[in-house]
Amino acid sequence: MNLILEKHALPDLLQSWRGNYDVYLPQKMERFSHFMPLTDNSVLVTHEPHNTRISPKALFLPMTEALVKFTRFGGYEDAQQVIQPRIIFAIRPCDAQAVQLLDTSFIQEAYTDPLWLERREKTITVGLGCHEPCQTGFCTTVGYGPFNKADLDVLLTDMGDAYLVETLSKAGEDCFQGLPCASDEFVEQALIVQRNAHDQMPVAFETENLKEKLEQNFNSDYWETVSQSCLGCGVCTFLCPTCFCFDIVDETQRRERVRNWDTCMFRTYSLEASGHNPRPSKVERTRQRLSHKFVYWLDQVNQIGCTGCGRCVRYCPVGLDIRAMLRQAQTLPFEVSHAG
Amino acid sequence: MPDLDAIKTEVRRLLADGVVEVVVAFKPGDTPLHPQPAFFHSPEEVDSLVHNGLCQNNLATFLTHLPKTKKVGMVVRGCENRSVNALIVEKQKSRENLYLLGVPCEGIIDWRKIVEHVGEAVLAVHENSDEVTVETREGQFNLSRNELLHASCLRCAHRNPISADILIGEPLPEGDPNLARVAVEEFESLTNEERYAWFQKEAERCIRCYACREACPMCYCTECFVDHIEPRWTESGATPAGMQGWHIVRAFHQTGRCTDCGACERACPMDIKMTYLTEKLNNDMRKKYAFEVGLDIQTQPPFATVTLDDKNRFSV
């Protein structure tokens with residue numbers, strides 16, 4: 001269904017959801033925007049030239065969470081997380097797409113992560129398309145787009161004084177009940193806005209044969225070149241909406257077993273108990289990060305593990321740019337495989 | 001503003017004559033806002049070298065990434081020169097294996113402030129001592145350079161490299177050394193509760209990515225205390241205790257070693273203020289021991305030394 005939501009009516013609508021849901025929306029934190037729970041005084045921030053600093057994956061996979069609490073005499077009990085039904089408002093299409101990609105890892109036949117699943121089932125996502133796409137994003141390059149609908153219950157298009165509300169599920173429809181229908185003309189205008197946004201985005205790098213090139217050049221000097229100025233911090237991976245690695249640690253003083261975000265860019269990530277480290281330097285770690293997204297994801301689920309949100313590009317402390325790295329990868333030699 | 005051609009000429013000479021094997025400097029990034037640290041191995045590569053106010057890293061951090069015995073050239077500003085000296089004092093590099101190209105520095109520009117002013121669609125940035133001109137698709141914007149500078153740079157008292165092998169460009173007038181104290185005194189004037197609230201508010205945005213650690217030339221430990229498992233020195237996760245533990249211990253490990261270059265704050269993806277802690281410790285070092293790090297390549301930081309005639313052993 002296509003509806004119209006006047007912007008001045010938005011605050012009341014958001015507040016009306018609070019009775020039944022925890023509502024999360026981007027709000028100002030210091031000098032950036034961050035998904036935080038709606039309060040009486042919340043101010044929605046969507047005018048920034050780009051996405052929230054931390055991706056909303058943190059709402060599904062928190063930076064740190066207790067899994068198990070230890071009790072006296074060697075026993076343990078569930079940490080008993082209470083997860084309320086919730087609405088994530090103004091999630092950007094790249095981030096919603098990322099959450100859907102992560103389902104392939106957390107919801108599997110052999111094993112499903114119960115906390116992930118519960119959060120997924122209890123969440124309604126109201127997406128806000130990017131009518132002015134950010135400069136560092138490259139969603140169209142990796143096969144998505146500024147108005148990508150994957151994993152959204154609702155997609156909003158900013159039309160100036162009002163939003164076009166496209167409901168994409170029953171749950172989404174219920175949240176926007178009672179709004180007037182959008183005229184065909186309004187929808188047509190919104191489609192133009194969507195198309196223009198899409199057309200504004202340049203091709204950041206070619207994806208054709210990229211997987212093969214990265215694979216076949218596993219031992220190339222290329223990795224040395226692109227990792228030279230890497231500091232080995234976790235900015236790119238922690239801000240990334242599709243990076244999902246975690247580490248499980250027993251915090252004995254808290255008597256908790258916790259799950260923390262972890263990253264392949266850290267030395268300790270692949271360090272083995274013997275002292276051996278199969279990825280001893282930033283060369284191998286950088287290769288892992290890029291190959292995971294542009295080779296291994298494809299091997300496993302036939303999708304690129306990057307949604308082009310641009311956060312790694314913006315916040316890398318040394319200005320390393322994955323787009324430039326992959327453009328350079330495209331110049332590597334490779335042989336066409338005729339197998340299968 | 002630095003004479004880029006003169007820098008390039010000297011770097012080419014160093015590589016052509018085999019004075020050094022590699023020169024660490026900057027090259028352009030994919031966007032004008034993010035120049036990248038770069039390693040130049042041959043004179044032909046040097047065409048792409050850049051040096052401007054947006055070069056936000058302290059290049060001295062790469063010194064410990066390279067083999068100790070490698071002959072390294074580095075383009076250094078005031079703070080980088082002092083960090084290099086501090087590393088030499090700590091025996092991480094010997095002076096003979098280094099060639100320092102000094103460039104006086106007018107302060108590092110905060111690219112995030114540019115984005116706040118003009119958006120992300122930056123096509124080019126030009127700068128002089130007073131103004132930064134940013135070209136975007138919407139037009140040209142003239143911004144005051146001083147308003148765009150990082151806090152550490154605004155209070156910098158060492159804009160000129162002090163022990164470079166060659167200085168490119170005329171030395172600049174040095175900054176007022178009292179400014180550093182003013183920043184500390186502002187924090188010290190708060191009550192204990194206010195200070196703790198400030199510290200909590202900053203530390204608890206932390207995501208434990210350790211960009212501050214990796215950006216810092218003095219954080220070169222092979223194993224950082226936070227990565228140590230047995231015993232565990234601080235909580236592992238993004239919990240208040242873990243985040244505060246990291247920030248306070250990180251700062252204390254810098255006592256008498258920090259040049260207040262501000263690279264930690266510039267690297268932080270969460271805009272966490274950190275230098276108020278290290279500057280407080282720097283200030284204590286100045287007040288109690290008349291010590292400032294990196295002014296020479298012999299003097300050990302006070303907390304790294306012990307002598308039998310120490311007056312008050314094991315107390316400040």
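Close amide H pairs (under 5 Å, H built 1.01 Å from N) link A:VAL154 with A:THR125, A:GLY127, A:LEU168, residues at least 5 positions away or on another chain.
Applying both filters, DSSP loop and at most 16 other Cβ atoms within 10 Å, to the GluC sites (Glu not before Pro) of segment A:190-255 gives A:GLU206, A:GLU208.
Counting other C-beta atoms within 10 Å, and keeping those with at most 16, which DSSP coil GluC sites (Glu not before Pro) do you find in segment B:259-316? Answer by residue number: there is no such site.
The charge dipole of chain A, taken about its Cα centre with unit charges on the Cβ of Lys, Arg, Asp and Glu (plus for the first two, minus for the last two), comes to roughly 1100 debye. Would you work out which of A:VAL45, A:PHE205, A:VAL318 lies farthest towards the positive end of the dipole of the protein assembly as shown, given +1 charges on the beta-carbon of Lys and Arg and -1 on that of Asp and Glu, about the Cα centre? Of the listed residues, the answer is A:VAL318. Taking 4.7 Å between C-beta atoms as the pairing limit, chain A has these partnerless cysteines: A:CYS130, A:CYS134, A:CYS139, A:CYS175, A:CYS181, A:CYS230, A:CYS233, A:CYS245, A:CYS264, A:CYS306, A:CYS316. Couplings for segment A:256-271, taken from phi via the Karplus curve 6.51 cos²θ - 1.76 cosθ + 1.60 with θ = phi - 60°, read 9, 9, 10, 10, 10, 4, 9, 8, 5, 7, 8, 4, 6, 4, 9, 5 Hz in order; Gly and Pro are left as x.
Ranked by the mean number of other Cβ atoms within 10 Å per residue, highest first, peptides B:21-27, B:249-255, B:120-126 order as B:21-27, B:249-255, B:120-126.
In this structure the amide hydrogen of B:GLU131, modeled in the peptide plane, comes within under 5 Å of the amide hydrogens of B:ARG145, none closer than 5 places in sequence on its chain. Other protein chain C-beta atoms within 10 Å of residue C-beta, averaged over A:233-240: 5. Computed about the Cα centre, the dipole magnitude for chain B is approximately 960 debye when only Lys and Arg (+1) and Asp and Glu (-1) carry charge, each at its Cβ.
Working note: Cα gyration tensor of chain B, eigenvalues times five, square-rooted, sorted largest first, giving semi-axes of 31, 26, 19 Å. With the highest mean first, a sort of the peptides B:69-76, A:298-305 on other beta-carbon atoms found within 10 angstrom per residue produces B:69-76, A:298-305. Note on the protein assembly as shown: with charges restricted to the Cβ of Lys and Arg (+1) and Asp and Glu (-1), its dipole about the Cα centre is near 1780 debye.
Counting other Cβ atoms within 10 Å, keep those with at most 15, restrict to DSSP loop, and tell me which GluC sites (Glu not before Pro) in segment A:64-159 are left.
In loop regions of segment A:64-159 (DSSP not H, G, I, E or B), the sparsely surrounded GluC sites (Glu not before Pro) are A:GLU109.
Provide the FRET efficiency to the nearest 0.05 for the B:HIS117-B:ILE229 pair, computing r from the beta carbons and using R0 = 51 Å. Plugging the Cβ-Cβ distance into 1/(1 + (r/R0)^6) gives 0.65.
The mean number of Cβ atoms from other chains found within 10 Å of a Cβ in peptide A:260-268 is 4, as a whole number.
Considering the zone a paramagnetic label at B:ALA241 would reach in this model (a point 7 Å from Cα along the Cα-to-Cβ line), which residues of segment A:231-252 have amide N under 13 Å from it? Within reach of a label on B:ALA241, which here means backbone N under 13 Å from a point 7 Å along Cα→Cβ, segment A:231-252 contributes A:250-252. Counting 0.36 nm for each residue step from A:ASN277 to A:ILE83 and taking away their Cα separation leaves a gain of 66.0 nm. Within the protein assembly as shown, DSSP assigns beta bridges of which about 70% are antiparallel (rounded to the nearest 5). Using a simple spin-label model with pseudo-atoms 7 Å out from Cα toward Cβ, B:ALA6 and A:TYR76 lie 6.5 nm apart.
Shape of segment B:109-148 from its Cα gyration tensor (a ≥ b ≥ c, root eigenvalues): rounded if a/c is under 1.5, otherwise prolate when a/b > b/c, or oblate?
oblate
A simple rule links phi to the HN-Hα coupling: the Karplus curve 6.51 cos²θ - 1.76 cosθ + 1.60 with θ = phi - 60°, which for segment A:153-164 gives 8, 8, 10, 9, 10, 6, 10, x, 7, 9, 10, 7 Hz, with x for Gly and Pro. For A:GLN27, the residues 5 or more places off, or on other chains, whose built amide H falls under 5 Å of its own are A:HIS34, A:PHE35, A:MET36, A:VAL45.
Within 10 Å of the Cβ of each residue in A:310-323, the mean number of Cβ atoms contributed by other protein chains is 6. Under 16 Å from a label point set 7 Å out along the Cα-to-Cβ vector of B:ASP165, the amide N atoms of segment B:81-108 belong to B:81, B:84-85, B:88, B:93-103.
Seen from A:THR307, the other residues with C-beta closer than 11 Å to its C-beta sum to a net charge of +2, counting Lys and Arg as +1 and Asp and Glu as -1.
Go through B:LYS287/B:LYS311; A:LYS28/B:LYS273; A:LYS213/A:LYS293; B:LYS93/B:LYS311 and tell me which ones have a Cα-Cα distance over 22 Å in this structure.
Details: B:LYS287/B:LYS311 17 Å; A:LYS28/B:LYS273 17 Å; A:LYS213/A:LYS293 14 Å; B:LYS93/B:LYS311 32 Å.
Result: B:LYS93/B:LYS311 exceed 22 Å.
Each residue of segment B:192-203 is assigned a 3J(HN,Hα), and the resulting list reads 3, 5, 5, 5, 5, 4, 4, 4, 4, 4, 6, 4 Hz, derived from the Karplus form 6.51 cos²θ - 1.76 cosθ + 1.60 (θ = phi - 60°), x at Gly and Pro. Annotation: cysteines of chain B without a disulfide-compatible partner (Cβ-Cβ under 4.7 angstrom) are B:CYS55, B:CYS105, B:CYS153, B:CYS156, B:CYS206, B:CYS209, B:CYS221, B:CYS224, B:CYS258, B:CYS268.
Highest average first, the peptides B:231-239, A:187-195 ordered by how many other beta carbon atoms sit within 10 Å of their residues are B:231-239, A:187-195. Taking a Cβ cut-off of under 13 Å around A:ASP161, the surrounding Lys, Arg, Asp and Glu residues balance to a net charge of -1, with basic ones at +1 and acidic ones at -1. Extending 7 Å from Cα along the Cβ direction at B:PHE141 and again at B:LEU308 yields two label points whose distance is 6.5 nm. Seen from A:LEU239, the other residues with C-beta closer than 10 Å to its C-beta sum to a net charge of +4, counting Lys and Arg as +1 and Asp and Glu as -1. Bridge orientation summary for segment B:17-136: considering DSSP beta bridges with both residues in this region, about 60 percent are antiparallel. Beta-bridge orientation, chain B: approximately 65 percent antiparallel, per DSSP, counting only bridges with both partners inside. Label separation (B:ALA16 vs B:PHE252): 5.4 nm, computed from points 7 Å beyond Cα along the C-beta direction.
Counting only aspartates and glutamates at least 8 places from B:LYS8 when in the same chain, those with an alpha carbon closer than 18 Å to its own are B:ASP17, B:GLU21, B:GLU44, B:GLU45, B:ASP47, B:ASP165, B:GLU170.
Gain in length, B:ASP296 to B:TYR196, computed as 0.36 nm per residue apart minus the alpha-carbon separation, to one decimal in nm?
Stretched out fully, the B:ASP296 to B:TYR196 stretch lengthens by 32.5 nm.
Here the calculated FRET efficiency for A:THR268 and B:SER129, from their Cβ-Cβ distance with R0 = 60 Å, stands at 0.85, rounded to the nearest 0.05.
Quick note: the coordinates plus some simple rules give every number you see, no bench work behind them. Being a predicted model, the structure only gives us computed values, none of them experimental. Here the Cβ is made from the backbone with ideal geometry for all residues, glycine too, and neighbour counts use every protein chain on show.
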